[in-house]
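Every number in this text was worked out from the coordinates using simple rules, so none of it is lab data. It should be emphasised that the depicted structure is a prediction, and the values quoted were computed from it without experimental measurement. Backbone-built Cβ (ideal geometry, glycine too); neighbour counts: all protein chains shown.
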Amino acid sequence: MVDDTLLETRHLTKEFAGFVAVNDVSLRVRRGTIHALIGPNGAGKTTVFNLLTRFLPATHGQILYRGEDITHARPAEVARRGLVRSFQISAVFPNLTVLENVRVALQRKLGTSFHFWQSERSLDALDERATELLAQVDLASHRELLAVELPYGRKRALELATTLALEPELLLLDEPTQGMGHEDVGRVTALIQRVARDRTVLMVEHNLSVVADLSHVITVLARGSVLAEGPYADISRDRQVLEAYIGSAEPEAAV
Amino acid sequence: QGKGISDGVVKLGVLTDMTGYYSDLAGPGSVLAAKMAVEDFGGKVDGKPIQVVSADHQLKADVASNTARKWIDEQQVDALVDLVSSSTALAVMPIVNEKKRIALFSGPGTTAITGDKCNPYTVHYTYNNWALANGTGREVVEQGGKSWFFITADYAFGKSLEEDTSAVVKAAGGKVLGSVRFPSPGTTDFSSYVLQAQSSGAQIIGLANAGQDTVNSIKAATEYGLTKSQKLAGLLIFISDIHSLGLQTAQGLYATTAFYWDHDDASRKWAKRFQSHPDNKKKAMPTMVQAGVYSSVRHYLEAVKAAHTDDADAVMAKMRELPVNDFFAQNGRIGPDGLHRHDMYLVQVKTPKESKGPWDYYKILKTIPASQAFPSVEAQKCPIAVKK
Amino acid sequence: MQALFGQLLLGLINGSFYALLSLGLSIIFGLLNVVNFAHGALYMSGAMVAWLLAQYLGIGYWPALLLAPAVVGLVGVVIERTMLRRLYQLDNLYGLLFTFGLTLVIEGLFHEQYGNSGNPYPVPEVLQGGVRLPFMYLPEYRAWVVVVAMIVCFGSWLVIERTKLGSYLRAGTENPRLVQAFGINVPLMFTITYGFGVALAAFAGVMAAPIYQVSPGMGSNLIMVVFAVVVIGGMGSILGSILTGVGLGVIEGLTRYFYPPASSVVIFVIMALVLLVRPAGLFGRQK
Amino acid sequence: MASPLAAPPVELLRVTDLHAFYGESHILHGVDFSVNQGELVTLLGRNGSGRTTTLKAILGLTGRRTGSVMMNGRETVHLPTHQIVHLGIGYCPEERGIFSSLSAEENLMLLPKVGGGGLSVDELYAMFPNLRERRHSQGTRLSGGEQQMLAVARILRVGARLLLLDEITEGLAPVIVQALGRVVRQLKERGFTMVLVEQNFRFAAPLADRHYVVEHGRIVDMVTQHELASSMEKLHRYLGV
Amino acid sequence: MSEALRAGASVGWPVARVRGAFAVMFVAGLVLPFFVYPVFVMNVLCMALFASAFNLLLGYCGLLSFGHAAFLGAAGYLCAHAVKDWGLPPEVGLLLGVLLSAGLGLVIGGLAIRRSGIYFAMITLGLAQVVYFLAVQLPFTGGDDGLQGVPRGKLLGLLSLEGRYAMYYFVYAVFLAGFFAIYRAIHSPFGHVLRSIRENEPRALSLGYDVDRYKLMAFVLSAALAGLAGATKALVFQSETLTDVHWHMSGEVVLMTLLGGMGTVMGPSVGALIVLVLQNYLSGFGSWVTVITGLVFVVGVLAFRRGFVGEAIALAKKFPF
Ligand SMILES: Nc1ncnc2c1ncn2[C@@H]1O[C@H](COP(=O)(O)OP(=O)(O)OP(=O)(O)O)[C@@H](O)[C@H]1O
Ligand SMILES: Nc1ncnc2c1ncn2[C@@H]1O[C@H](COP(=O)(O)OP(=O)(O)OP(=O)(O)O)[C@@H](O)[C@H]1O
Ligand SMILES: [Mg+2]
Ligand SMILES: [Mg+2]
C-alpha cells in the first residue's frame, strides 16, 4: 500500500532571537491515527503547531502535507487544504452568537464569502448543520447566546465544534481539555475519539489520562527536540520521559 | 424683482470670520459696525424695516457659498457684507451674480474681485492688494528701500499681494531679490524663513501675509535681529495686529491703511462710539475693515433710499452715482468695475515713547489721494467695466 | 552652505521644542493609552495663563514658568478625576473623541473671552539679545529653550524608565483591575500621570509665549505634528519621542530651506513610511 | 485542621452572604465560608459555578457586590481593591494576567510587597527553572505553562499571608504539577493560608484541609480532610464525574 | 474596540420592523425638500453617505481610518474638474470620481491594511495628508480658492439638474443606491466574514480566511462609496474646496459615526444629521458654536457611548416594543 504518512516534518527548527524553541524536529503523522505531542512546558509544542499552520515562519526545515511541500504556503491556504488548528487559549468570536460562530466556519465552503452583494439569508441553509455540530458538544441549547457569556470550559467546546465544521483532514488540537471540568473532559475525549474515526488528529495535551485513552502514537518533546516516540505503554515507562515530564507519580486516572 | 422693497424688508447678511484668524479684525466687530450703521440710519428705509443677519464662514469657501445660497434662497437677503479673506469672497461672487444680489466686500484684498473675475453686483469697498502694494511698496522704495525679499503666505491672497508689490517695486526702480512661500495655515515658526530673508541681503523684507502669520513673522524677525540690519514692510497690517504685537516689537513698521481712528474728529467720534459700544466686549478700536463695513452699509442704504427699491441693478446704479462722504472716505467713488476708490494713508508704527496710550499706534506719514491709491479702471482687466 | 548650518541649528531648536511637547503627549499616550487630543489646547492654556498672570497680576515670566503649569496641571487632574478615567478601559478612539471635544470647549472659551488676534508677551530681560555665530544670529532665548527642553525631557525620562513607576504604569494600562489587585493604587497613579503630562504641555506653552503669538488658536497647528512625532517615535517610548522630536525638527527645517511648500506634509510622509517599515515606530516595543 | 493539636484556630477570612454581579447578571447568590489561619481550603465545582467569581468578589474585582468579607477581623467590602490587598492577600488569576509590555522578570518583580516572609527571587528561579532561562523575553511570549508558573511565582514573592489561587495547575506538565504540589506544601508549613480553586481534584485532594462545593453561585456543601474518603460518592455527584 | 463593537454586533431588530422603519424614512426623504432648504438636505445626504461608507470600515472591520477625507475630496475634485473644464456630463463625473477614490483606496488600503489600531489610523492620516498636499499644489485644483462655479449639467444629456428639485431627487437616488449597497454589504456573507475578522483575527485566519484580502476589499468598497459622496457633494455645491480633503473632514466623519452609533446601519446618517444641524443652526453664535459642539462630544462620549442609534437599540432591547 502507498505511504500513509499524512504530515511530515523534516529537521524543523525555530529560533527566537538566538533562543532555539524547536530544534531539528522530524515528525511523521500517519493517516487515521491520533498522534499526541507531549512534553514539559516550554518544550516547543505550541510553536510546532504555529509552524505547521504557518502562523510562524520556520527558521529552517521542511513541512510536507500529503507529500506536498507547504513550508511556504500562506496560513489561510494551509487551513483550506484541510489542516486546521485549535488554540491553547480558547479562541472564539466573542460577540457573535454560538450559532454564528460555527456558521462562519461552515460558510467558507459555500464559496460566496466575497459576495458583498448577496443576501445573508443565503447563509440560513447552514443552520441545520451548525446545530448538529453544536449538539455534538452539547451546546445546541446555547445557540443564541453570545460566546462571551459562556464559561471557559464551554468556550473550548465551542471552539472544537467550529474547528470540526471545516471537516479538516488533519486536526491540530492544542490542549483541548485545558480548563475543563471533569464532565466536559469526558465528553470532549469521547468527541475526539468519534471524530478521529475518519480523521487524523495531532494534539498537545497535558492531561495524561486523556493522552492515555486517546493516542495511538506519542511524541515527547523536551527543550525543542524529540525525546522519545512510541505508543503510550512504552513512553510511560521511558526513564528519560518519566523524569523530564511525567515525574514520579503514575499517570493520573480521571478522578 | 419689480420696483419697491421686495418682501417688505431690506436684509443685510454679514458673512465673516467669527472664530478664525480674522475674527478680531472683522468678525463680531463687522457685525457690530453693520448694526450701528443701520441704527444710525434710523432702522428703516422707505418706511420698510432693515434687518441684519450674520454668520461665520470659518474662512472656508464652501461654507461661505452655502450660507450665501441659503440666505438668498431662504431669507431673501439683499446684500452680503464683509466676506473677509479672498477665497470666501471669490466663492460668493458667482452666486450674487446669478441671483442678482449685492456684495459689499470690506475684508478681502485680491484685485481679481474687480479685475478679471469682476461682476456688476460686487462692490470692493475698503482696500485691495494693489492699494497696499502701491502705498507701502512705492513709498518704501522712494525712501531708498530698493532691494526686496518677500515672506509670502502660500495661497491666493499672499501670492497676489507679492505679485502686485513686486510690480510696484520694479516700476519704482527697485528690484526683487527673491521670496519664500510658507504653507498657511499651518506655519507657526518663521525663524527659518526669517533666516533665508536675512541671508538674501535685501534691504526690505516684505511680509505678503496676514493675521497670525504676520504677527508670528514679525516676532521672529525682531527676535532674530533682522530688524537691526534690514527693514520690515508689512503689506497687510491691521491695527489689531499691532495691538497683539505690542509697540516694543512693532515699532517702526510701515503700513498702508484705509482708516485710522485718530485721523480726524469724525473718525475719532465714530471710533469712540464703536469702542464704548456695549456689544464690543473687548473694547477694541475699529479696524479699517470694520470701519469699511459701517461706511459701505451706510452707502448701500443711502442708495436704496434714493432708488426707492432694493432691486440690485437700480441700487448699484445709485451706489455708483452717489459719492461717499463720511468719516471713512471723503468723496469716495465706486467705479464701473465695482472698486471703491478713496484716499488711503501711509502710516508708521510709533515707538513706545511716542505713544500716548493704548491704541495710539500710528503716525500718519502721508495721505495717498484716491487717484493714486487705487488702480484706474483701464488698468483693471474687468470685462464689464471696459465694455461700458 | 553658511545658511544650511543656520537651518540645521534652527531645526534643532524647533526639534527640542517638539520633543518637549511630545513628551507630555507620549507619557499620556503610552502610559494611559489615551490619545490626548487636548494637548495642543492645554499647551495654549499654559501660554494664555502666563499672559493673564502678567496682564492682571503683574506676575512675570519666571514665576509663571512654575505657576502656569501648576494651574493647568490642576485642571488636568480635575478632568481626569471627573471624566477621563471612565474611558481608560475603552478603545482609545473614545479618549480621542473626548479630548477632541475638550479641545473645542477650551479653545472656544478662550476665544470668546480674549479674541483671536493674540496678545504680546515679552522675552524676559535677562534673555533678550543674542549671540552672533559665524553663520547666524542666535537669540539667547532660543538657546535657553533648547537647554531647558533637553533637561526636562531627559529628567522625566529617567524618572519614568529608571524607577518602577514605568512598569506600574505600563502594566496598569494593560490590565488596571489586576494591577490594583496586586495592591497598587492605580487610579491615583493615573491621575498624577495625566496631571503631569498636562503640566508639561502648559510648561511648553509658557516657553512658547515670548516667541509665538499667544492666541487660542496657537495649539491647533502643532497638535498634528506632535502626534506624528509620538507615533514615529513609538507610542509609549518616551526616549523615542524625544529623539524623534529633535530629528523631525531638523528634517522639517531642511525642507523649509529646500522646498518650503512641503514643510507641512513631510512629517506625515515620514510617519507613514516609518510605520510601514517598523510597525511600532522607531523605538516602540512590538506587542 | 492544620494540626489537631493546634490551639483553637484563628479565623483569617470570613465571607458571609456574598452577592456579586457582572453588570446586569447576578452571579453569586450569597456565598458563606471561612478560612482559618494556616489552613488550605479548596473551592470545587463545575464550570461556571462561580468559583472564580468568588475569588474576584473577595478582592472587589467583580461589578457590584454586597454582603460581608472579613479579613482577619476587618470588614473589607467597602474598601478599594488595592487597600484590601495590602491586608496581606496574593491573587493568582485564572487567565494568568501576564503583562505583554513587560519582560518575564519585570513581571516577576512588578508586585509590591504586602507583607513579610515572601520567597526570594533565587528561591523562585530554583523552583521554576524555565523562568530563569526565559527571564528577558517578553511576558506573553512565554509558553502557556511558563506564563502559569510566572503567575504563581510572582505572588509568592510579595509575602502575602492569604493566597487566592485560581486553577494554578492549568496546562502544566505533570512534573511541574508535582513540583507545585511540593511548593504548596512548603508554603503551608511556612504558615501561609490558601484558597485553592482547582479542576484537578487529584492535585487538591491530598493538600486541602477542607473542600467547599460551589454550585450556581452558592456554597452547597463542605467536606473536611478526614471525611474525604467517606464522601467521595457525594463529591463525584457534585462534580458530575 | 470592545465596547463599541458590542453596540455594533447587536443590531438585532426583526426584519419586518427594520423594513418598516426604512419605509417611513424613505417617504420622509421624498417630501423633506418641501419643508427644509433642499441644499441643506442634500448636504446631509452626502455626508450621511460618506459617514455610512466610513462606518463600513470602522463599525464592521474595526478599522479606524483617519484619512477618509482623501477619498471624499479626490473624487470631488476630479468630478468637478471633469464637469467644469472637460465639459463631461454629471454621471460621467461621478463615475470618474468613484473610480479615482476606489483606486486611491486600493493604494492607501494596500499599504495600511497590514497595520491595525492607532497605527492604521496614523498611516491613513499620513497618506491622506499627502493627498491634501497635492490638492493644494496641483494646478487644476485652484489651490486655496478651490473650484468654483461648477455646472450641474444635464443628467444623461436629458434631464437638467439646475432646478433645485431635479437635483435633490437625483442626489436622493444616489444616496439610496449607496446606502443600500452598504446595507447589503454588511448583511452579506462577506459582511459576516468581516465581523468574524473584527472579533478574532487569528481565529478567522485559522479557519482559512485570507484576512488581509477581506479587509482590503472592505477598504476599497468604503473608499469608493466615500468617493461617490464626495463627487455628488461637488455637484450639489457646484464647487470643490480644500475643506473636503483636510484632516478636519476625516475627523468630522469619525465624530458623525460615533455620535450616531458606529456599527449600526442608521447611526452614521443620524450622526451626520446631528453634526450638520449643529453647525447650521448655531453658526450665528460665533465661538459658542465651538464650545457647544465640544460639549456635545464630551457628553456623548461620557454618557451615550453607543451613539444615538446605538443607545436607541439598547433601549429597544431593554424595553422591547
Ligand atoms: N514569540 C516568541 N518569542 C520568543 N520566545 C518564544 C516565543 N514563542 C515561544 N517562545 C519560547 O519558546 C519556547 C517554546 O514555547 P511553546 O509555547 O512552544 O511551549 P509549549 O511546548 O507550548 O509549552 P506549554 O505546554 O507550556 O504551552 C518557550 O520557552 C517560549 O518561551
Ligand atoms: N465578565 C463576565 N460577564 C458576565 N458573566 C460572566 C463574566 N464572567 C463570568 N461570568 C459568568 O459567571 C458565571 C461563573 O463564572 P466563573 O468564572 O466564576 O465560573 P467558574 O466556577 O470559575 O468556572 P470555570 O472558571 O471553570 O469556567 C458563569 O456562568 C459565567 O458565564
Ligand atoms: Mg503550548
Ligand atoms: Mg474559574
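What the table shows:
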read-out	value
Dipole-positive endmost among C:157, C:114, C:279 within chain C (Cβ charges, Cα centre)	C:279
Per-pair calculated FRET efficiency, R0 = 45 Å: residue E:299 and residue D:140 via Cβ, rounded to 0.05	0.75
Point-charge dipole on Cβ atoms (K/R +1, D/E -1) for the range D:11-239, about Cα centre, debye to 20	260 debye
Values of log10 I(q)/I(0), in the order q = 0.14, 0.17 Å⁻¹, for the range A:43-196 under a Debye, Cα-only, solvent-free model	-0.74, -1.04
Sequence-distant lysines (8 or more away, or on other chains) whose Cα lies within less than 27 Å of residue A:109	A:155, E:215
Simple label model, 7 Å out from Cα along Cβ direction - residue D:133 to residue D:222, nm	4.4 nm
Three-way shape call for chain D based on the alpha-carbon gyration tensor, with the a/c threshold at 1.5	rounded
Charged-residue dipole, Cβ positions (Lys, Arg, Asp, Glu), the range A:92-167 about Cα centre, Debye nearest 20	200 debye
Ordering of E:144-154, D:12-22 by packing [mean C-beta count within 10 Å, highest first]	E:144-154, D:12-22
Where no second cysteine Cβ lies under 4.7 Å, the cysteines concerned in the protein assembly as shown	C:153, D:92, E:46, E:61, E:79
For the range B:93-98, 3J(HN,Hα) per residue [Karplus equation, 6.51 cos²θ - 1.76 cosθ + 1.60, θ = phi - 60°, Hz, x = Gly/Pro]	4, x, 5, 4, 5, 5
Debye, to nearest 20: dipole size of the protein assembly as shown, +1 on Lys, Arg Cβ, -1 on Asp, Glu Cβ	900 debye
Likely footprinting exposure, D:211, B:342, E:248, fewest C-beta neighbours within 10 Å first	E:248, D:211, B:342
Ranked list, fewest to most other Cβ atoms within 10 Å of each Cβ, for C:252, A:8, D:11	D:11, A:8, C:252
Cβ-based exposure ranking for D:134, B:69, in which fewest neighbours within 10 Å come first	B:69, D:134
Semi-axis lengths, Å, chain E, gyration tensor of Cα atoms, sqrt of 5 times eigenvalues	29, 24, 20
Nearest-0.05 FRET efficiency for residue D:215 and residue A:148, computed from C-beta distance (R0 35 Å)	0.95
Euclidean distance of C-alpha centroids, the range E:105-151 and the range B:355-388, integer Å	41 Å
Farthest positive-ward along the range D:11-239 dipole, Cα basis, beta-carbon charges - from D:137, D:217, D:235	D:137
Inter-chain shielding of C:106-115 (mean C-beta neighbours from other protein chains, 10 Å cut-off)	6
Virtual spin-label span in nm between residue C:151 and residue A:60, 7 Å along Cα→Cβ	5.7 nm
Other protein chain Cβ atoms within 10 Å, averaged over every residue that makes up A:67-78	2
Computed label-point distance, nm, for sites residue D:79 and residue D:21 using a 7 Å Cα→Cβ extension	2.5 nm
Shape call, chain B: gyration tensor on alpha carbons, a/c limit 1.5	prolate
In Hz, Karplus ³J(HN,Hα) per residue of the range E:269-275 (6.51, -1.76, 1.60; θ = phi - 60°; x = Gly, Pro)	4, 4, x, 4, 4, 3, 4
³J(HN,Hα), Karplus 6.51/-1.76/1.60, whole Hz, each residue of the range D:217-230, x for Gly, Pro	x, 9, 7, 9, 6, 9, 10, 8, 2, 7, 7, 3, 3, 5
The protein assembly as shown - mean residue ellipticity at 222 nm from DSSP helices (-39,500 (n - 2.57) per run, n ≥ 4, rounded to 500)	-16000 deg cm²/dmol
Across B:35/B:366; B:11/B:70; B:219/B:356; B:146/B:363; B:44/B:117, pairs whose alpha-carbon gap is larger than 25 Å	B:35/B:366; B:44/B:117
